[in-house]
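Okay, structure first, notes after.
The values are calculated or read from the model by the stated rules, or taken from the named source; none is laboratory data. Computed from a predicted structure; not experimentally measured. Here the Cβ is made from the backbone with ideal geometry for all residues, glycine too, and neighbour counts use every protein chain on show.
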């Protein structure tokens, strides 16, 4: 039986929601330190509960992502986390998300261990697959041993790092999803098309699932060519805004986007990508956006 049969509600733009809607300070855009405090754990629990309500209303499964997009060695070092502390935080994040998933009144629930890029989520860093596999292995191992049902690398900017993530996941014996991000022209930050990126990963180290995150549906539509590779796209987490990554990166106020446009453009995208089964949000979105995308 496949891990993700059926339709799944996943969560929204955790970091932007907490920063702009709840006034939470997240140094380096990192949410994982919240698992180290009772207050932070309670806040994350309330956040997850909003999506459990949506999944219940939609009659869909609930896939909760751990708040660990920044919980890797480079970002952890900046935040004062050594390898031992990062291992603890990643495992605690899985435990917290699992508790929220188990408490949800939904037909099915899963916990996904979120992995972010080594560098900035909007810039291609020229990764080497072997180096990326070695780099991401400790976090993926922590998430897997902590009990995550799968790991999901989000905001991948190039295929090389994605290949490394898949190799590390295979070594940890855990299913893996890869979500690329695209610019306004539908291409990855390194200039690759989505077709080229997915083909590169499929050739070198096939993932179990693929998706796109941190991109408005209008931008993803620009990258579609009708090829068979589109049948592999299972995950979609859109940005609320139609602005470019560069524009969003310098904004000091939240761009929550045009909700009707987001919904209609996502519907148009799903008509072209009928395999999308996991739907949530990314930057600028919160539970209101995800509820609207699900029509509940």
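Scoring residue 18 on the criteria (1) within 17 Å of the chain's Cα centre (by Cα); (2) crowded, with 24+ Cβ neighbours inside 10 Å; (3) not in a strand (DSSP E or B) leaves a single failure, condition (2). The set of residues from region 203-216 being assigned to a loop (DSSP other than H, G, I, E, B) and within 30 Å of residue 257 (Cα to Cα) comprises 214, 215, 216. For region 171-197, a residue qualifies if it is crowded, with 18+ Cβ neighbours inside 10 Å and in a loop (DSSP other than H, G, I, E, B), and the qualifying residues are 172, 174, 175, 181, 182, 183, 186, 188, 189, 190, 192.
Considering only residues that are closer than 23 Å to residue 274 by Cβ and touching a residue at least 40 places away in the same chain (Cβ under 8 Å), look in region 203-214 and name the one that is surrounded by the fewest Cβ atoms within 10 Å (Cβ to Cβ).
This residue is 206.
The residue list 144, 127 contains one member that is in a helix (DSSP H, G or I), buried (at least 20 other Cβ atoms within 10 Å of the Cβ) and in contact with a helix residue (DSSP H, G or I) (Cβ under 9 Å, 6 or more places away or on another chain), which is 144. Identify, please: which residue in region 229-270 is outside any helix (DSSP H, G or I) and closer than 16 Å to residue 9 by Cα and is, among those, nearest to the chain's Cα centre (by Cα)? Within region 229-270, the match that is nearest to the chain's Cα centre (by Cα) is 237. Given the residues 162, 200, 132, 168, which is the only one that is part of a helix (DSSP H, G or I) and surrounded by fewer than 24 Cβ atoms within 10 Å (Cβ to Cβ)? 200 is the lone residue from the list that is part of a helix (DSSP H, G or I) and surrounded by fewer than 24 Cβ atoms within 10 Å (Cβ to Cβ). Residue-level check: of (1) within 17 Å of the chain's Cα centre (by Cα); (2) surrounded by fewer than 18 Cβ atoms within 10 Å (Cβ to Cβ), residue 155 misses just (2). Among the criteria (1) surrounded by 18 or more Cβ atoms within 10 Å (Cβ to Cβ); (2) in contact with a helix residue (DSSP H, G or I) (Cβ under 7 Å, 6 or more places away or on another chain); (3) at pLDDT 95 or above, the one residue 282 does not fulfil is (2).
Only a single item in (1) more than 16 Å from residue 147 (Cβ to Cβ); (2) modelled with pLDDT under 95; (3) under 20 Å from the mean Cα position of the chain (by Cα) is not met by residue 3, and it is number (1).
Which of the helices (runs of 4 or more DSSP H) contained wholly in region 37-117 include at least 2 residues that are touching a helix residue (DSSP H, G or I) at 6+ places or on another chain (Cβ under 9 Å), surrounded by 22 or more Cβ atoms within 10 Å (Cβ to Cβ) and modelled with pLDDT of 95 or more?
Numbers: elements: 38-58, 73-78, 83-103.
Passing ranges, in order: 38-58, 83-103.
Of the residues screened, residue 12 is not one that is surrounded by fewer than 22 Cβ atoms within 10 Å (Cβ to Cβ) and either at pLDDT 95 or above or more than 19 Å from the chain's Cα centre (by Cα) (or both). A single member of 231, 271, 252 is free of Cβ contacts under 8 Å to residues at least 60 places away in the same chain, closer than 28 Å to residue 129 by Cα and surrounded by fewer than 19 Cβ atoms within 10 Å (Cβ to Cβ), and it is 231. For residue 32, the criteria (1) loosely packed, with under 15 Cβ neighbours inside 10 Å; (2) in contact (Cβ under 8 Å) with a residue 12 or more places away in the chain; (3) in contact with a helix residue (DSSP H, G or I) (Cβ under 9 Å, 6 or more places away or on another chain) hold in every case but one, which is (1). Residue pairs whose Cβ atoms lie under 8 Å apart, sitting 6 or more positions apart in sequence or on different chains, and linking a residue in region 93-109 that is without any contact (Cβ under 8 Å) to a residue 12 or more places away in the chain to a partner that is buried (at least 19 other Cβ atoms within 10 Å of the Cβ), are 102/109. Does residue 151 satisfy being in contact (Cβ under 8 Å) with a residue 24 or more places away in the chain and part of a helix (DSSP H, G or I)? Here the answer is no, as residue 151 does not meet what is asked.
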